Amino acid sequence: MRSTRRVGAALFTILAVLMTGCSASGSSTSTRNGPVHLTFWSALRGSQEVVDEFNRTHTKIKVDFEQVPSGDQGGWAKLSNAARAGNAPDVATIEYPQLPSYAIDGVPRDITDMVPDSVRRKILPQAMDLTTFEGRTYALPVDIEPMVFLYRKDLFTKHDIAVPKTWAEFESAARELKKAEPRSRIASLFTMGGTLAMAGLAWQAGAQWYDTSDKSWTVSMDDAPTRKVAAYWQRLVDDDLVRVEPSSSQQWRAHLQSGETAGWLAGAWAAGSMMASTPGGKGKWAIAPFPQWDPDKPSLGTQGGSTFMVTKDSQHPKEALDFITWMVTSPDALKAKLASGVSSAYPTVPDLVPVARKEMDTSYYGGQDIFGLFQKQAELISTRWKWGPRMVSTTSSGDDGLARAGVGSGTIIGALREAQKKTLPDLKSLGLSVTTR
């Protein structure tokens, strides 16, 4: 089955460009010769253990798993190429920011009418909202990552610095820390990976980079909330209150390990990452809620998180969705994943939080109930946000601009405006009606 792209003035939402030939109503049954076999591609750690547990406990469906590189290392290209050739796997993992792009390209199947209400009710509404466009659902979310503040509790305590609850307090804490520890900074503004981090910050402030409410794609990466966030971080950079460096770089890790960087603003997944990569920090780090602009009206964005899609090429869509549903909602699936190593990814099914809490040793954070914190933060995630149709290209352009801003050759808001400018031709090439504001 091939997808049909309808190009024209009415082509203003993801739904308008999705396939019409591969409906979600398809189903399949086990053959008399044995169980249905599904193919599954994922870059998520622990996927093999999850598949092994599924195969051990299910007889009518068997899953053949292939570990693929993470998206920016070739996994996205591999999936796109396979879909163009008509041989995509039955099930694939895709991150939230990339899902709209794959939906426009017709890679995932519309599963709106296949997902039972009983399953929808189990999943955090904010997570389902990120996989649903104009009322049509194209994937099930497995984790969602509310942003939190990881900080060196020992340094904050030593210098009697209050953990910031607001962004004004965050700036004050940054100045106090620099004065007390001249070599230390409270956090980093990222260059590589910085656009997605900036998106989470803008999201919290009420920004809406993409909108389809006016029957076209409206792009606004420099709206008022974004300008507020950009100006705030520009001041932190100009006053040398934060480091400017690539995320996940060796130098950034070294600064975390030495205490020269005393905080990390990131999604909930970062807690496990810190434990794995900075074992010497045990007992020194803690996690706090994300600083707010207005504590009386708390809001939050996310950074990270993945979804599972049934692809258009699957000949067994019903079984594929059954497998996905099990991965997303089953305690056994989460236990299998966590058995593969440390993970603090926050599950989209709140009922699974006790499982995550039980399986994870949080002595690194002094026994702090981090999943309880994540649960409260996840409830604050704003539903205003939608990702754009070509985020890979958008983030690449934005990261280039942030790198220049970090060395004084540009500004943060300038980087975002340039990213928008370079994104528009990509959207128009899809036949989308695009406006800016």
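The values are calculated or read from the model by the stated rules, or taken from the named source; none is laboratory data. Treat the numbers as computed from the prediction; the structure is a model and nothing was measured. FYI the Cβ positions are ideal-geometry reconstructions off the backbone, even for glycines, and counts take in every protein chain you see. Please note that ligands, DNA and RNA were not included when accessible areas were found on the heavy atoms of the full protein model with its side chains. Shrake-Rupley method; radii C 1.70, N 1.55, O 1.52, S 1.80 Å.
In the range 396-429, how many residues are surrounded by 18 or more Cβ atoms within 10 Å (Cβ to Cβ) and in a loop (DSSP other than H, G, I, E, B)?
Of the residues in the range 396-429, 1 are surrounded by 18 or more Cβ atoms within 10 Å (Cβ to Cβ) and in a loop (DSSP other than H, G, I, E, B).
Taking into account only those residues within the range 79-108 that are under 22 Å from T302 (Cα atoms) and not in a helix (DSSP H, G or I), which is most open to solvent (accessible area, probe 1.4 Å)?
Of all residues in the range 79-108, those under 22 Å from T302 (Cα atoms) come to 92-103.
Still in the running and not in a helix (DSSP H, G or I): 92-95.
Numbers: A92: 2, T93: 26, I94: 1, E95: 56 Å².
The residue in question is E95.
Within the range 156-166, can you find the residues that are surrounded by 20 or more Cβ atoms within 10 Å (Cβ to Cβ) and either assigned to a helix (DSSP H, G or I) or among the charged types (D, E, K, R) (or both)? It would help to see each step written out before you state the result.
So the first thing to find is which residues in the range 156-166 are surrounded by 20 or more Cβ atoms within 10 Å (Cβ to Cβ), and the list is 156, 161, 164.
If the condition is that a residue be surrounded by 20 or more Cβ atoms within 10 Å (Cβ to Cβ) and either assigned to a helix (DSSP H, G or I) or among the charged types (D, E, K, R) (or both), then F156 is the only one that fits.
Go over the candidates D143, D129 one by one and state the one that is under 21 Å from the mean Cα position of the chain (by Cα), closer than 20 Å to P389 by Cβ and acidic (D, E).
It is D129.
Taking the conditions exactly as written (among the acidic types (D, E) and either under 30 Å from L38 (Cα atoms) or touching a Ser or Thr at 6+ places or on another chain (Cβ under 8 Å) (or both)), does D160 satisfy them or not? Break it down into steps so the answer makes sense when it comes.
Values: among the acidic types (D, E): yes; either under 30 Å from L38 (Cα atoms) or touching a Ser or Thr at 6+ places or on another chain (Cβ under 8 Å) (or both): no.
No.
Which one of these does V142 not meet: (1) aliphatic (A, V, I, L, M); (2) open to solvent by less than 10 Å² (accessible area, probe 1.4 Å); (3) under 15 Å from L321 (Cα atoms)?
(2)
Tell me whether the range 279-289 contains one or more residues that are more than 18 Å from L44 (Cα to Cα) and β-branched (V, I, T). Give the derivation first.
Let us first name the residues in the range 279-289 that are more than 18 Å from L44 (Cα to Cα), namely 279-289.
Narrowing further to those that are β-branched (V, I, T): 287.
Among the residues of the range 279-289, at least one is more than 18 Å from L44 (Cα to Cα) and β-branched (V, I, T), which makes the answer yes.
What are the residues in the range 372-395 that are touching a residue at least 40 places away in the same chain (Cβ under 8 Å) and assigned to a helix (DSSP H, G or I), if any?
Matches in the range 372-395: L373, F374, K376, Q377, A378, M391, V392, T394, T395.
What residue, among those in the range 29-69 that are small (G, A, S) and open to solvent by 20 Å² or more (accessible area, probe 1.4 Å), is modelled with the lowest pLDDT? Walk me through how you get there before you give the answer.
Our first condition is that a residue be small (G, A, S); within the range 29-69, this holds for 30, 34, 42-43, 46-47.
Filter once more, so that each one left must be open to solvent by 20 Å² or more (accessible area, probe 1.4 Å): 30, 34, 43.
Details: S30: 47, G34: 85, A43: 95.
Once the filter is applied, the top-ranked residue is S30.
Output the residue which, of all residues in the range 360-395 that are open to solvent by less than 20 Å² (accessible area, probe 1.4 Å) and under 30 Å from L424 (Cα atoms), is nearest to the chain's Cα centre (by Cα).
W387
Between residues in the range 288-311 that are in a loop (DSSP other than H, G, I, E, B) and residues that are charged (D, E, K, R) and open to solvent by less than 40 Å² (accessible area, probe 1.4 Å), which pairs lie under 9 Å by C-beta distance while being six or more apart or on different chains?
Close Cβ pairs (under 9 Å, with a partner that is charged (D, E, K, R) and open to solvent by less than 40 Å² (accessible area, probe 1.4 Å)) amount to Q303/E145; G304/D143; G304/E145; G305/D143; G305/E145.
I need the strands (runs of 3 or more DSSP E) fully contained in the range 181-283, keeping only those with at least 2 residues that are of a type in the set (G, A, S) and open to solvent by less than 10 Å² (accessible area, probe 1.4 Å). First the steps, then the outcome.
On the way: elements: 188-190, 217-219, 243-245, 263-267.
Output list reads 263-267.
Which residues, taken from the range 410-437, are closer than 16 Å to D222 by Cα, of a type in the set (D, E, K, R) and free of Cβ contacts under 8 Å to residues at least 40 places away in the same chain?
Correct list: E418, K421, K422.
Taking the range 336-356 as the region of interest, how many residues are in contact (Cβ under 8 Å) with a residue 40 or more places away in the chain and either more than 14 Å from P141 (Cα to Cα) or aliphatic (A, V, I, L, M) (or both)?
Residues in the range 336-356 being in contact (Cβ under 8 Å) with a residue 40 or more places away in the chain and either more than 14 Å from P141 (Cα to Cα) or aliphatic (A, V, I, L, M) (or both): 12 in total.
What are the residues in the range 201-220 that are out of contact with any Gly (no Cβ under 8 Å at 6 or more places or on another chain) and closer than 18 Å to S382 by Cβ, if any?
Filtering the range 201-220 for residues out of contact with any Gly (no Cβ under 8 Å at 6 or more places or on another chain) gives 205-208, 211-216, 218, 220.
Within the range 201-220, A205, G206, A207, Q208, D211, T212, S213, T218, S220 qualify.
Just a yes or no: is a residue in the range 121-133 part of a loop (DSSP other than H, G, I, E, B) and more than 29 Å from Q377 (Cβ to Cβ)? Before you say what the answer is, go through the steps one by one.
We begin by selecting, within the range 121-133, every residue part of a loop (DSSP other than H, G, I, E, B); these are 121-124, 130-131.
Restricting the remaining residues to those that are more than 29 Å from Q377 (Cβ to Cβ) gives none.
Within the range 121-133, not a single residue is part of a loop (DSSP other than H, G, I, E, B) and more than 29 Å from Q377 (Cβ to Cβ).
Tell me whether the range 402-420 contains one or more residues that are hydrophobic (A, V, I, L, M, F, W, C), at pLDDT 95 or above and farther than 17 Å from A197 by Cα.
no
Out of the residues in the range 220-253 that are aromatic (F, W, Y) and touching a strand residue (DSSP E or B) at 6+ places or on another chain (Cβ under 8 Å), state the one that is modelled with the lowest pLDDT. Reasoning before the result, please.
Keep residues of the range 220-253 that are aromatic (F, W, Y), which gives 232-233, 252.
Next cut, touching a strand residue (DSSP E or B) at 6+ places or on another chain (Cβ under 8 Å) only: 233, 252.
On the way: W233: 98, W252: 94.
My answer is W252.
Within the range 204-219, count every residue that is modelled with pLDDT of 85 or more and either farther than 13 Å from V434 by Cβ or not aliphatic (A, V, I, L, M) (or both). First the steps, then the outcome.
First, the residues of the range 204-219 that are modelled with pLDDT of 85 or more: 204-211, 217-219.
Checking which are either farther than 13 Å from V434 by Cβ or not aliphatic (A, V, I, L, M) (or both) leaves us with 204-211, 217-218.
The number of residues fulfilling the criteria is 10.
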